[in-house]
Amino acid sequence: MEKGLQLYEGKAKKVFAAEDPDLLIVYYKDDATAFNGLKRGTIAGKGIINNRMSNALMMLLEKHGIPTHYVREIGERETLVKKAEIIPLEVIVRNISAGSFAKRYGVEEGIAFEQPAVEFSYKNDALGDPLLNDSHALALRLASREELEKIRAYSLRINEVLRQFWNTRGVTLVDFKLEFGRLGDGSIVLADEISPDTCRLWDSKTGEKLDKDRFRRDLGGVEEAYREIMDRLEKQPEPEKSGENLHD
Ligand code: ADP
Ligand code: UDP
C-alpha cells in the first residue's frame with residue numbers, strides 16, 4: 001500500500017495519509033526518548049517489535065470487545081489504522097507501584113495494589129503532561145463525562161485482558177499508558193500503541209525489567225529485552241494446570 005503525505009512526525013512514530021481518508025498509516029521508528037524528550041537514543045529493531053506487538057495486543061483486545069483503531073498490518077514497521085481525533089489524555093493504569101507514582105508519593109517500587117489505580121495526564125509536551133482529574137478534564141473540555149466514564153471502563157477491562165495474557169507468558173504487567181480517540185461517528189476507540197515503550201513489563205520470576213526502563217535508566221541490554229518480550233508474546237502460553245485433579 002502506498003503511503004500518502006506525511007502528516008506528522010512524533011517521537012516514536014510517523015503518521016501518513018492513506019488512500020481512504022478515514023484511515024492513516026502509522027510508521028514505527030527506532031527512535032527512543034525519555035523524560036519528555038530530554039534523553040534521546042535509538043533502540044535497533046524497536047519499531048518492528050512495537051508494530052508487531054501493538055497489533056497483536058490490539059487484535060486480542062478486539063476479541064474481548066474493546067474497539068481499537070487497528071485495521072491491518074501492511075509492513076514490518078507500518079500499520080493501517082482508523083483515523084481518530086485523539087483525546088489529549090494519557091490514561092495510565094497501574095497494578096504495582098513504579099516510576100512517577102513511586103516518586104510522587106514517596107513509596108518504593110514493587111508494591112502490588114489491591115485495586116488497579118487509574119490516572120489521567122493532559123497530553124501536552126510543552127506542559128510536561130501534567131496530571132489531571134475528571135473535573136479538570138471537563139473544565140478543559142477535553143472529553144465529556146460519558147466519554148471519561150467509557151475511557152475508564154475500557155482501560156480497566158484492557159488491564160484485565162492484558163494482565164491475564166502476560167501472566168500466561170511469565171510476565172507481570174506493572175503499568176501502562178493508553179490513548180483513546182473519537183471516530184467520525186463519535187464512538188471511542190483505543191488508539192496509539194501498546195508496546196514495551198508504553199508498558200512496564202517485569203519477568204514474573206526474576207523481576208527483570210523487559211521494557212523501556214532499561215533505556216530510561218541505562219540498565220543495558222535494551223535491544224535484548226525488547227526481543228525477549230516479543231519472544232514471550234509469541235510463545236505458546238504455559239499450559240493451565242487443569243490436569244492436577246485428574247487421577248488416571
Ligand atoms: P508523540 O506525538 O507523543 O511524540 P508518536 O511519535 O507515537 O507520539 O506519534 C504518533 C502520534 O499519532 C501521536 O500523537 C498519537 O496521539 C497519534 N495517533 C495514534 N493513533 C492515532 C489514530 N488512530 N488517529 C490519529 N492519530 C493517532
Ligand atoms: N508512559 C508512556 N508515555 C508517557 C508517560 C508514561 O508510555 O508519556 C508509560 C510508561 O512507560 C509506564 C506508565 O506509562 O509504563 C507509567 O509511567 P510513569 O507515570 O511512571 O512515568 P515515567 O516513570 O515513565 O516518567
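Every number in this text was worked out from the coordinates using simple rules, so none of it is lab data. Fair warning: this is a prediction, and the values are worked out from it, not measured in the lab. Note: ideal-geometry Cβ built from the backbone for every residue, glycine included; neighbour counts use all protein chains shown.
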Yes or no: region 148-159 includes at least one residue that is surrounded by 13 or more Cβ atoms within 10 Å (Cβ to Cβ), within 16 Å of ligand 2 (Cβ to nearest atom) and part of a loop (DSSP other than H, G, I, E, B).
no
For region 66-91: of the residues being assigned to a strand (DSSP E or B) and under 15 Å from the mean Cα position of the chain (by Cα), which is surrounded by the fewest Cβ atoms within 10 Å (Cβ to Cβ)?
ILE86
The conditions are (1) closer than 18 Å to GLU179 by Cα; (2) within 12 Å of ligand 2 (Cβ to nearest atom); (3) not aliphatic (A, V, I, L, M), and GLU85 fails exactly one of them. Which is it?
(2)
Taking the criterion of being in contact with a helix residue (DSSP H, G or I) (Cβ under 7 Å, 6 or more places away or on another chain), more than 30 Å from PRO21 (Cβ to Cβ), touching a residue at least 60 places away in the same chain (Cβ under 8 Å) and surrounded by 13 or more Cβ atoms within 10 Å (Cβ to Cβ), would at least one residue in region 116-125 satisfy it?
no
Just wondering, is there one or more residues in region 104-116 that are in contact with a strand residue (DSSP E or B) (Cβ under 9 Å, 6 or more places away or on another chain), over 26 Å from GLN6 (Cβ atoms), within 16 Å of ligand 1 (Cβ to nearest atom) and assigned to a helix (DSSP H, G or I)?
no
Checking GLU85, GLU78 in turn, the sole residue that is touching a residue at least 60 places away in the same chain (Cβ under 8 Å) and touching a Gly at 6+ places or on another chain (Cβ under 6 Å) turns out to be GLU85
